[in-house]
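Single-structure report; data block below.
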Amino acid sequence: MYEKILSPIKVGNVDLKNRVIYLAMAKYLSTPDNFVTDRQIAYYAARAKGGAGLVIPGACIVDPLYPSTLPMQPGLYDDKFIPGLTRLVDAVHAAGAKIFLQPWHPGVTPYGCRPEDVKQVADWTIDEIHGLQKLFADACVRIKKSGADGVEFHIAHNYLPEQFAVPLFNKRTDEYGADTVENAMRFSTESLQGIRAACGDDFTIVVKINGTDLTPGGMTPERAAEASALLEKAGASMITVSAGGGLTDLTGMSSDGHREEGWKVPFAKTVKDSVTIPVAATGDIRHPEFAERILEEGLCDMVGIGRGLFAEPEWVNKLSAGREDEMRTCISCMSCFDYCPPGKSGCAVNPLAMRESENVSLSYDGGGRTVAVIGAGPAGLEAAVTLAERKFKPVVFESEVKIGGMERIGAIPDGKSKVNWHIDYYKKQIGRLGIDLRTGTRATLEDIQKLNPYAVLIATGSDPIFPRSVKGIDKPNVAMIRDVLDDFPDISGKEIVIVGAGLTGLETAATFAARKNKVTVIDMLPEPNYESLPVDHLLAIGYAKGSRVDVRMSHKLLAVEDAAVVSENTLTNESVNIPADMVVISMGARPNDSLYEEIRDKFERVIKIGDSSSVGKIMNAVQSGFDTAVNLE
Ligand SMILES: Cc1cc2nc3c(=O)[nH]c(=O)nc-3n(C[C@H](O)[C@H](O)[C@H](O)COP(=O)(O)O)c2cc1C
Ligand code: SF4
């Protein structure tokens, strides 16, 4: 089983124990002045300990003064960073993996700066180009001094080297212009030669390139294949094939749920056909069977996995031990793009992501004590699984027939079906651990008392907010969003108004619009600050607008009529009538803690978790359930 994944391979001068790369995933973990931190080291060491053959930490800064440079990433622009980088390298080595670092320059891709403050490709003089190449070479010397096994030169994701590589960005007319692939790749091939000269023949240099930019004038599979042959000639020992970047809302690089597992693999195959060095495929590779198959079929030589290992650091260890059923599978929710403060989990399905330095471990001292868990949404399920691991005896009550709670509902809009992978994970754990699950059972005080539980965890979720005082709100054309999603109406050609431009409202709007309904979303809040919105919400706005949903902020719901909604534009105080065959209320939720209030004095330990404590995302529910279960004494 998984012979291919687990077989060794030599890349340049580096022997890798298996075919799995932890792809670069930059998190904001360095100090503001770019020193490596303990939290950062623990983050990467966990993926090495989990069995990946090669770990590539996220983008490392070569030019700190460049305006669009991402903050809080490791620095490579001064020798003062070498001791910290060495600690990182040593930790990854000690955990059993090899490590390449990724020097990075953003070029015109703006991070928190005005586009006019950055240089276009055509603006760089020849001397400045040579200066940039020297920055890369110097950075790689520091990488070598840190003890890392190699470097990954980053030509992907619309950053500087790729900007030289494609006509979309590169308007030069000299020998670095994009008229021929050879000229377009000159910035990169000369950089590789400069790195080779500075670091010596024995140092391993690999590259990451886009197989497509999904944008006219950008990288294409054919261009990537031609470029790859030149990169091999210039000294690259492996090519990792990615796609997209900032031009494509990040989803071209790290897809959300709208794309298939392994969608970038064909681009890797095109590159593989043009080179003799190993090629790594990337892109939503999640399941061991899938990875084994693409290796077996010769579509690639390595599998590059980013979020799959963010969600499940022990991916390789678990598959080699035949414990695939215990893997947490990334659901492509995009939450890992958001800033994650210390103490908070950075992943929807992995409560310990970004908390590796806390060294949380389970104590197996449950001793068969019964814990009643009321509610089988993500908080309740995560708590139950963790308690069962700890040898407690959780008994889970769920009033509905199916488990998953709001997560099940959240999987229904278009592009969200991968969320079901998380519910499937819990189903497998319930079976594996023999958890007593009582679906279709609304727990009463008597039910719980019969168990004589050591503790009761209340995971009863939330209640939707219903604007009771709005005139006409009881009309038959009004529905609550949860009911709509739970039994999604097969309608088209209707006029639908959704009240509430939160994530669920927008996703549902796009789903209705894709079925050829005319959808308007109203929300009394003003236009959001787009800089501060989480990535999933930004994408939902994009999908809604892209499907011609009419999103009207600063519009308050005043009344519902038989075939219309009356709203007030709060900026102009105008009253606006919007035709509506159906009105869907999606105004958020508040904790449902009525059971908690009812029984809190009846048992010694009654604890609210998940939405019943504080309404949040899957990530918050999972962390809440996990932490409560881990800390139960
Ligand atoms: C939070 C985050 C940060 C990333 N940072 C980098 C980076 O620093 N360098 C890079 O080459 N790719 C970066 N990527 C892209 C990943 O390396 C990978 O190519 C992409 O996510 C697709 O693989 P996956 O579906 O397995 O995650 C990042 C992706 C994510 C989600
Ligand atoms: S936060 Fe979401 S997208 Fe990121 S690794 Fe976790 S499940 Fe996957």
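The values are calculated or read from the model by the stated rules, or taken from the named source; none is laboratory data. None of the values given here were measured: they were computed from a predicted structure. Because the Cβ atoms are built from the backbone with ideal geometry, glycine has one as well, and the counts that use them run over all protein chains shown. Each accessible area value is taken on the protein alone, full model and side chains, heavy atoms only, with ligands, DNA and RNA left out. Shrake-Rupley method; radii C 1.70, N 1.55, O 1.52, S 1.80 Å.
Looking for whichever is farther than 21 Å from His130 by Cα, of a type in the set (A, V, I, L, M, F, W, C) and open to solvent by less than 40 Å² (accessible area, probe 1.4 Å) here; the options are Ala224, Ala234, Ala178. Which one fits?
That would be Ala224, the only listed residue that is farther than 21 Å from His130 by Cα, of a type in the set (A, V, I, L, M, F, W, C) and open to solvent by less than 40 Å² (accessible area, probe 1.4 Å).
Scan segment 247-256 residue by residue and report those that are more than 9 Å from ligand 1 (Cβ to nearest atom) and buried (at least 23 other Cβ atoms within 10 Å of the Cβ).
Across segment 247-256, the qualifying residue is only Gly252.
Let me spell it out: the conditions are (1) open to solvent by 30 Å² or more (accessible area, probe 1.4 Å); (2) assigned to a loop (DSSP other than H, G, I, E, B); (3) in contact with an Asp or Glu (Cβ under 9 Å, 6 or more places away or on another chain), and Gly51 meets all of them except one. Which number is the exception?
(1)
Output the number of the condition that Arg47 fails; it satisfies all remaining conditions of (1) over 14 Å from Leu352 (Cα atoms); (2) out of contact with any Ser or Thr (no Cβ under 6 Å at 6 or more places or on another chain).
(1)
Among the residues that make up segment 547-555, is at least one of them of a type outside the set (Asp, Glu), surrounded by 18 or more Cβ atoms within 10 Å (Cβ to Cβ), in contact (Cβ under 8 Å) with a residue 40 or more places away in the chain and over 12 Å from Gly502 (Cα atoms)?
Yes; the residues of segment 547-555 include at least one that is of a type outside the set (Asp, Glu), surrounded by 18 or more Cβ atoms within 10 Å (Cβ to Cβ), in contact (Cβ under 8 Å) with a residue 40 or more places away in the chain and over 12 Å from Gly502 (Cα atoms).
Give the residues of segment 114-173 that are charged (D, E, K, R) and either in a loop (DSSP other than H, G, I, E, B) or not assigned by TED's automatic domain parsing to the domain that holds Glu232 (or both), sorted by residue number.
Result: Arg114, Lys119, Asp149, Lys171, Arg172.
Taking the residues in segment 287-305 that are open to solvent by 10 Å² or more (accessible area, probe 1.4 Å) and within 13 Å of ligand 1 (Cβ to nearest atom) as candidates, determine which candidate is farthest from Val55 (Cα to Cα).
Per the criteria, the residue is Phe290.
Identify all residues within segment 486-498 that are surrounded by 23 or more Cβ atoms within 10 Å (Cβ to Cβ) and under 28 Å from the mean Cα position of the chain (by Cα); write none if there are none.
Ile498 - this is the single residue of segment 486-498 that is surrounded by 23 or more Cβ atoms within 10 Å (Cβ to Cβ) and under 28 Å from the mean Cα position of the chain (by Cα).
List the pairs whose first member sits in segment 94-105 and is in the same structural domain as Met238 (by TED's automatic domain parsing) and surrounded by 24 or more Cβ atoms within 10 Å (Cβ to Cβ), whose second member is in a loop (DSSP other than H, G, I, E, B) and of a type in the set (D, E, K, R), and whose Cβ atoms are under 9 Å apart, counting only residues at least 6 apart or on separate chains?
Cβ pairs passing all conditions: Ala97/Lys17; Ile99/Asp149; Phe100/Asp149.
Taking segment 504-535, which residues are among the acidic types (Asp, Glu) and at pLDDT 95 or above?
Those that are among the acidic types (Asp, Glu) and at pLDDT 95 or above: Glu507, Asp523.
Determine whether segment 232-242 contains at least one residue that is of a type in the set (A, V, I, L, M, F, W, C), within 9 Å of ligand 1 (Cβ to nearest atom) and modelled with pLDDT of 95 or more.
Checked segment 232-242: no residue is of a type in the set (A, V, I, L, M, F, W, C), within 9 Å of ligand 1 (Cβ to nearest atom) and modelled with pLDDT of 95 or more.
So which residues in segment 331-344 are away from ligand 1 (no atom under 14 Å from the Cβ) and touching a residue at least 40 places away in the same chain (Cβ under 8 Å)?
Answer for segment 331-344, where residues must be away from ligand 1 (no atom under 14 Å from the Cβ) and touching a residue at least 40 places away in the same chain (Cβ under 8 Å): Pro342, Lys344.
Residue by residue, here is whether (1) over 27 Å from Met406 (Cα atoms); (2) open to solvent by 20 Å² or more (accessible area, probe 1.4 Å); (3) outside the structural domain of Tyr44 (by TED's automatic domain parsing); (4) within 11 Å of ligand 2 (Cβ to nearest atom) holds:
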{"position": "Glu314", "(1), (2), (3), (4)": "yes, yes, no, no"}
{"position": "Ser320", "(1), (2), (3), (4)": "yes, yes, no, no"}
{"position": "Asp338", "(1), (2), (3), (4)": "no, yes, yes, yes"}
{"position": "Ser345", "(1), (2), (3), (4)": "no, no, yes, yes"}
{"position": "Ser357", "(1), (2), (3), (4)": "yes, yes, yes, no"}
{"position": "Val360", "(1), (2), (3), (4)": "yes, yes, yes, no"}
{"position": "Ile374", "(1), (2), (3), (4)": "no, no, yes, no"}
{"position": "Gly380", "(1), (2), (3), (4)": "no, no, yes, no"}
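Please specify each residue of segment 88-104 satisfying the condition of being part of a loop (DSSP other than H, G, I, E, B) and either under 16 Å from Gly150 (Cβ atoms) or in contact with a Cys (Cβ under 8 Å, 6 or more places away or on another chain) (or both).
Ala97, Gln102
Yes/no matrix, rows are residues, columns are (1) surrounded by fewer than 19 Cβ atoms within 10 Å (Cβ to Cβ); (2) closer than 30 Å to Ser254 by Cα; (3) touching a strand residue (DSSP E or B) at 6+ places or on another chain (Cβ under 6 Å):
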site	(1), (2), (3)
Ala510	no, yes, no
Pro528	yes, yes, no
Leu533	yes, yes, no
Leu558	yes, no, yes
Thr572	yes, no, no
Gly588	yes, yes, no
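What about Lys602, is it of a type in the set (Lys, Arg) and either in a loop (DSSP other than H, G, I, E, B) or not assigned by TED's automatic domain parsing to the domain that holds Ile498 (or both)?
For Lys602, the condition - of a type in the set (Lys, Arg) and either in a loop (DSSP other than H, G, I, E, B) or not assigned by TED's automatic domain parsing to the domain that holds Ile498 (or both) - is met.
Quick one: Arg328 ticks every box in (1) more than 12 Å from ligand 2 (Cβ to nearest atom); (2) open to solvent by 30 Å² or more (accessible area, probe 1.4 Å); (3) in contact (Cβ under 8 Å) with a residue 60 or more places away in the chain bar one, so which box is it?
Just one mismatch for Arg328, condition (1).
So is Glu128 open to solvent by 50 Å² or more (accessible area, probe 1.4 Å), over 29 Å from Leu54 (Cα atoms) and in contact with a helix residue (DSSP H, G or I) (Cβ under 7 Å, 6 or more places away or on another chain) or not?
Considered against the rule, which asks whether it is open to solvent by 50 Å² or more (accessible area, probe 1.4 Å), over 29 Å from Leu54 (Cα atoms) and in contact with a helix residue (DSSP H, G or I) (Cβ under 7 Å, 6 or more places away or on another chain), Glu128 comes out as no.
Give the residue that is farthest from ligand 2 (Cβ to nearest atom), with candidates limited to residues of segment 255-287 that are part of a helix (DSSP H, G or I) and of a type in the set (D, E, K, R).
Selected residue: Lys272.
Yes or no: segment 17-37 includes at least one residue that is of a type in the set (A, V, I, L, M), under 19 Å from Glu296 (Cβ atoms) and more than 16 Å from ligand 1 (Cβ to nearest atom).
The answer is no, given that none of the residues of segment 17-37 is of a type in the set (A, V, I, L, M), under 19 Å from Glu296 (Cβ atoms) and more than 16 Å from ligand 1 (Cβ to nearest atom).
Run Asp179 past the list (1) in a loop (DSSP other than H, G, I, E, B); (2) in contact with a Pro (Cβ under 6 Å, 6 or more places away or on another chain) and report the number of the one that doesn't hold.
That leaves (2) as the condition not met.
Since Ile21 meets every condition but one in (1) touching a strand residue (DSSP E or B) at 6+ places or on another chain (Cβ under 9 Å); (2) in a loop (DSSP other than H, G, I, E, B); (3) among the aliphatic types (A, V, I, L, M), which condition does it not meet?
Among (1) touching a strand residue (DSSP E or B) at 6+ places or on another chain (Cβ under 9 Å); (2) in a loop (DSSP other than H, G, I, E, B); (3) among the aliphatic types (A, V, I, L, M), the lone unmet condition for Ile21 is (2).
Is it the case that some residue within segment 211-223 is hydrophobic (A, V, I, L, M, F, W, C), under 24 Å from Val20 (Cα atoms) and more than 16 Å from ligand 2 (Cβ to nearest atom)?
No, the conditions are met nowhere in segment 211-223.
Report yes if some residue within segment 602-612 is away from ligand 2 (no atom under 16 Å from the Cβ), more than 30 Å from Gly246 (Cβ to Cβ), in contact with a helix residue (DSSP H, G or I) (Cβ under 8 Å, 6 or more places away or on another chain) and open to solvent by 70 Å² or more (accessible area, probe 1.4 Å); otherwise report no.
Within segment 602-612 (the criterion being away from ligand 2 (no atom under 16 Å from the Cβ), more than 30 Å from Gly246 (Cβ to Cβ), in contact with a helix residue (DSSP H, G or I) (Cβ under 8 Å, 6 or more places away or on another chain) and open to solvent by 70 Å² or more (accessible area, probe 1.4 Å)), the answer is yes, since at least one residue qualifies.
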